[in-house]
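Accompanying notes for the structure given below.
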Amino acid sequence: MIRPRFPRASGVILHPTSFAGKFGIGDLGEAAYRFVDFLHAAGQTYWQVLPLGPTGFGDSPYQSPSAFAGNPLLISPERLIALGHLAANEVRVPEFPAERVDYGAVIAFKNDLLNRACANFRANAPAEQHRAFAQFCKTHATWLEDVALFLALKRANEWRAWGDWDVAIKTRAPAALARARRELADEIENQKYRQWQFFEQWLALKQYASARHIRIIGDVPIYVAFDSADVWAHAEQFLLDGKLKPKAVAGVPPDYFSATGQLWGNPLYRWETMAAEKFAWWIARFRHAFLLGDVVRIDHFRGFYNYWAVPASAENAIKGKWLFTPGAELFREVTRALGAVAIIAEDLGQYDAKSRAGVDALQAEFGFPGMKVIQFAFGSDASDPFLPHNLPRDCVAYTGTHDNDTAVGWYQVSASEKERDFARRYLGRDGSDIAWDLIRATWASVADTALTTAQDLLALGHAARYNSPSTSGAPNWCWRLAPNVLTDALAARLRDLTVVYGRVTD
């Protein structure tokens, strides 16, 4: 089997919601293009993002109402103005906090703008734009029709979960769906317009990045939200009971993130049905992911070997059981359909020997490198597998991820004195510049791929943490860059380190 090659390279994690700007949330406008320019100047190869779909419960990109849709909050108003779908004097921007996303205020503001942009498009856009829109709808019809109808129905049902809708709509009775499509035609077109503009803007940005030799690492969560178009439209693919409620839900048992485990609540897959259909749903999902990105990180890759099934009524994830999946069969079908795929396997967590061997064998068969987080390395001794001198070449080394404290926050707040002491002795530093000490150690390692967060590049403290697992709501997912902090001097410093450790690929 031909496996994708990961060259010796490096990059930065930054989700687009975190860009600076006046519209209350980062978007796909000027700041995004400046970030690509920063990465290019800094000699980087990768830009890693989180899932790009609409956010769901707790504003989390990992609880999206669609595994295929893009997040309309990322649409740049300035690019809509340039397209002629908004007039500059229509965009009256309220005062938003600069350092975080106030999702409630942003959603109201962006929804109003996008409603007006869609109305202007319908009334005034030239014929070639209408043809482009129609072609987009045709190209993406296999997911777009369900997603647009689902989101229109959500609005019509005052955002209640689909499990609480009228039974005819909930069970997708053909006559009820046809009536809904007629009655909600304008809102359905509005939702399609938003997806068109998201994809237009994202793919233009991706093309700009590619021209500068920057590869996008996307993110595919292994599970989807119950309250999603995916489960509503494809209920037969999920482990639901006769009333279309989950029989069991996803999570992980107690680990270093949480003493009671993590109860995610996502419905589990009906793997036997998927296998009988040669994993057509997964093939479509991966094909779509590789449209949006050049490389795909699979969140909770372990779930393709075995998964923690928790009773749907449980209050935490302590009581569950491990069940197995046809993961190797799935990826054989994916590679038959798509060829060799560049996938990063998020294989973190606590394993027994059998599970670790099974996940390792699955990764080895398809050439999927795993993840090593240097921040985890200092809790034991010189044998710790996360220490740079113990890393394999075929891995992706991180200073930290979106689920970790920042390096400075870890050192100042989260780490024990034993960890701090070991880190100082291992790194040969006094800890006063701990973020860049960890970046240097990660870049110097033999790992083929080295990644850090924008927060660690800027040596930001605990307040800049992006997400705390097993918690929900603000301040998770809210952090934003201050304006003009990604300077030429910072790019030069990162480029120098990247040259010294042989990670420049352009």
The strands (runs of 3 or more DSSP E) lying entirely within the stretch 293-400 that contain at least 2 residues which are open to solvent by less than 50 Å² (accessible area, probe 1.4 Å) are 295-299, 306-311, 343-345, 370-373, 395-398
Out of contact with any strand residue (DSSP E or B) (no Cβ under 7 Å at 6 or more places or on another chain), among the β-branched types (Val, Ile, Thr) and over 30 Å from residue 408 (Cβ atoms) - does that describe any residue in the stretch 298-315? no
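Please verify whether residue 181 is over 30 Å from the mean Cα position of the chain (by Cα) and either touching a residue at least 24 places away in the same chain (Cβ under 8 Å) or surrounded by 12 or more Cβ atoms within 10 Å (Cβ to Cβ) (or both), treating the condition exactly as stated.
Here the answer is yes, as residue 181 does meet what is asked.
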Out of the residues in the stretch 144-174 that are under 28 Å from residue 82 (Cα atoms) and open to solvent by less than 30 Å² (accessible area, probe 1.4 Å), state the one that is farthest from the chain's Cα centre (by Cα). 152
Please go through the stretch 251-272 and give me each residue that is assigned to a loop (DSSP other than H, G, I, E, B), open to solvent by 50 Å² or more (accessible area, probe 1.4 Å) and within 23 Å of residue 61 (Cβ to Cβ), ordered by number. 256, 257
Is there any pair linking a residue in the stretch 382-409 that is over 15 Å from residue 435 (Cβ atoms) and among the β-branched types (Val, Ile, Thr) to one that is open to solvent by less than 10 Å² (accessible area, probe 1.4 Å) and modelled with pLDDT of 95 or more, with Cβ under 6 Å and at least six apart or on different chains, and which? 396/344; 396/369; 396/371; 396/449
List the residue pairs whose Cβ atoms are under 7 Å apart, where the first residue sits in the stretch 188-208 and is at pLDDT below 95 and among the charged types (D, E, K, R), the second is open to solvent by 30 Å² or more (accessible area, probe 1.4 Å) and not in a helix (DSSP H, G or I), and the two are 6 or more positions apart or on different chains. none
I need a count of the residues in the stretch 420-439 that are over 21 Å from residue 490 (Cα atoms) and open to solvent by less than 40 Å² (accessible area, probe 1.4 Å). 3
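Rundown of residues vs (1) open to solvent by 10 Å² or more (accessible area, probe 1.4 Å); (2) part of a loop (DSSP other than H, G, I, E, B), yes/no style:
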{"site": "6", "(1), (2)": "yes, yes"}
{"site": "24", "(1), (2)": "no, yes"}
{"site": "32", "(1), (2)": "no, no"}
{"site": "44", "(1), (2)": "no, yes"}
{"site": "50", "(1), (2)": "no, yes"}
{"site": "62", "(1), (2)": "yes, yes"}
{"site": "104", "(1), (2)": "yes, no"}
Within the stretch 446-468, track down each residue that is open to solvent by less than 20 Å² (accessible area, probe 1.4 Å) and either without any contact (Cβ under 8 Å) to a residue 60 or more places away in the chain or closer than 30 Å to residue 318 by Cα (or both). 455, 456, 464, 466, 467
Are there any pairs with C-beta distances below 9 angstrom linking a residue in the stretch 343-360 that is without any contact (Cβ under 8 Å) to a residue 60 or more places away in the chain and within 10 Å of residue 305 (Cα to Cα) to a residue that is surrounded by fewer than 16 Cβ atoms within 10 Å (Cβ to Cβ) and aromatic (Phe, Trp, Tyr), with the two at least 6 apart or on different chains, and if so which? 355/322; 358/324
Count of the stretch 66-80 residues which are assigned to a helix (DSSP H, G or I), open to solvent by 10 Å² or more (accessible area, probe 1.4 Å), more than 13 Å from residue 192 (Cα to Cα) and touching a residue at least 60 places away in the same chain (Cβ under 8 Å): 1
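Can you pull out the residues in the stretch 283-311 that are hydrophobic (A, V, I, L, M, F, W, C) and over 26 Å from residue 372 (Cα atoms)? Reasoning before the result, please.
Pass one, the stretch 283-311, residues hydrophobic (A, V, I, L, M, F, W, C): 283-284, 286, 289-292, 295-296, 298, 301, 304, 308-310.
Residues satisfying the conditions are 283, 284, 291, 310.
The values are calculated or read from the model by the stated rules, or taken from the named source; none is laboratory data. Just so you know, these numbers come straight off a predicted model, no measurement behind them. Here Cβ is always computed from backbone atoms with ideal geometry, including for glycine, and neighbour counts include all displayed protein chains. Just so you know, the surface numbers come from the protein's heavy atoms only, side chains and all, with ligands and any DNA or RNA stripped out. Shrake-Rupley method; radii C 1.70, N 1.55, O 1.52, S 1.80 Å.
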